[in-house]
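This report refers to the structure that appears directly beneath it.
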6 protein chains.
Amino acid sequence: MPFINVNITKGATNEQKAELIEGITDLMVKILDKNPFSTHVIINEVETENWGIAGRSVKKLREEGKTANISKK
Amino acid sequence: MPFINVNITKGATNEQKAELIEGITDLMVKILDKNPFSTHVIINEVETENWGIAGRSVKKLREEGKTANISKK
Amino acid sequence: MPFINVNITKGATNEQKAELIEGITDLMVKILDKNPFSTHVIINEVETENWGIAGRSVKKLREEGKTANISKK
Amino acid sequence: MPFINVNITKGATNEQKAELIEGITDLMVKILDKNPFSTHVIINEVETENWGIAGRSVKKLREEGKTANISKK
Amino acid sequence: MPFINVNITKGATNEQKAELIEGITDLMVKILDKNPFSTHVIINEVETENWGIAGRSVKKLREEGKTANISKK
Amino acid sequence: MPFINVNITKGATNEQKAELIEGITDLMVKILDKNPFSTHVIINEVETENWGIAGRSVKKLREEGKTANISKK
């Protein structure tokens, strides 16, 4: 049943994506006792010029040395 | 008004996608009496390594001969 | 596999929603040969003041006698 | 940066939802080294008559004793 | 054509939501020369315990006096 | 907090996308007093054969000289 949509900027490796799919599915099973066979995870990879934070694209922020972590405590 | 977002793995032909758009729009008109001219259908095609079921990517499942139909009765 | 998200304004009956779920699933099976048991349809019902067309909420448009079919040919 | 949208049927407790938010955020930090302060998780709770699997609503399936786990191995 | 989905926590007034719908539609017309009559804006209002930032729900953060602006410069 | 998902057909320039990100963020700050640093805008660019209006793909409509503005008043 659960359907999880993960939006991230492009750049993750296939190994990292596989880890995300496995980890999120495990959480659904452990926390909500969901059936893994009907648990769907979709990873949506977004170009950095198509993701804006604080009114600027991540691409611009990174070109200026500001990672998207601009809001890191 | 209706906005329908269809998420499928990559691989459908343009003819199949045209059939989906037409079929779904017809359903909205027939069942809900919606105006076809304000009925929007978007097809989101997902890479098989970006779609996970049962903690594994569809790509891996297919490489092992298990289609996404692993949950087929 | 397919995951279909249907956004409509509030007002559909349970029978209509059941017909939509059945009809959309049948399309996936007929057109894309998908497994009905891994075909998910979610209906997202939106309040009329939370859906805008032409810069106005559907609620306002309907109050002025303009249905969302304002763009009906 | 990451934005994760979790679609589940209604019924999770606030504690379970808090665990999901925490667990998913931890995965983003551990696997992708993301900044937790710009990691957003939204939980979308869907009525059981608005979620369809195999052409039937989860509400109907459950009334017939078939949980959404109908595809459980 | 454009379909804009605005996810915010619950709490906006109808006037604010009307302003958002109008403002976003105007941007589409001004910047992309889109037809306002086929520009759809949906506002998705999320309960504060269903929106997580930095692993905690906005509800918890606000109870501790930390608004979601925890990442404000 | 706000997360805005802008769905448009492919074709916008990077400058137009930057204007959209900036304009939408400004609206969130001005109308809802949101923190720009936790305001995320994602632009989802859709192929014209994957976007249907009135049961036809935008690609087909444009090939027949009908722009997506078929519903223009």
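Taken over segment C:11-29, the criterion of being surrounded by 15 or more Cβ atoms within 10 Å (Cβ to Cβ) and under 19 Å from C:Lys59 (Cα atoms) is satisfied by C:Ala12 alone. Out of segment E:33-56, which residues are away from chain D (no Cβ under 14 Å) and within 24 Å of D:Glu45 (Cβ to Cβ)? Those that are away from chain D (no Cβ under 14 Å) and within 24 Å of D:Glu45 (Cβ to Cβ): E:His40, E:Val41. Restricting attention to segment A:27-58, the residues that are assigned to a strand (DSSP E or B) and not aliphatic (A, V, I, L, M) add up to 7. Apart from one condition, B:Ile8 fits all of (1) buried (at least 21 other Cβ atoms within 10 Å of the Cβ); (2) on the phi > 0 side of the Ramachandran plot; the exception is (2). Among the residues of segment E:35-52, just one is at pLDDT below 95 and crowded, with 21+ Cβ neighbours inside 10 Å, namely E:Ser38. C:Lys17 meets the conditions (1) more than 14 Å from chain F (Cβ to nearest Cβ); (2) not in a helix (DSSP H, G or I) in every case but one. The failed one is (2). In this entry, C:Ile24 passes the filter for residues that are touching a residue at least 12 places away in the same chain (Cβ under 8 Å), in contact with a helix residue (DSSP H, G or I) (Cβ under 8 Å, 6 or more places away or on another chain) and not basic (Lys, Arg). Of E:Lys30, E:Lys17, E:Lys59, all but one fail to be of a type in the set (D, E, K, R) and farther than 24 Å from B:Ile42 by Cβ; the exception is E:Lys59.
For F:Asn7, the criteria (1) more than 14 Å from chain C (Cβ to nearest Cβ); (2) at pLDDT 95 or above hold in every case but one, which is (1).
Remark: F:Ile24 matches the filter, which requires a residue to be under 24 Å from B:Pro2 (Cα atoms), part of a helix (DSSP H, G or I) and at pLDDT 95 or above.
The values are calculated or read from the model by the stated rules, or taken from the named source; none is laboratory data. Bear in mind that the values here come from a model prediction, so they are computed numbers and not experimental data. Note that each Cβ is placed from the backbone with ideal geometry, even for glycine, and that neighbours are counted across all protein chains shown.
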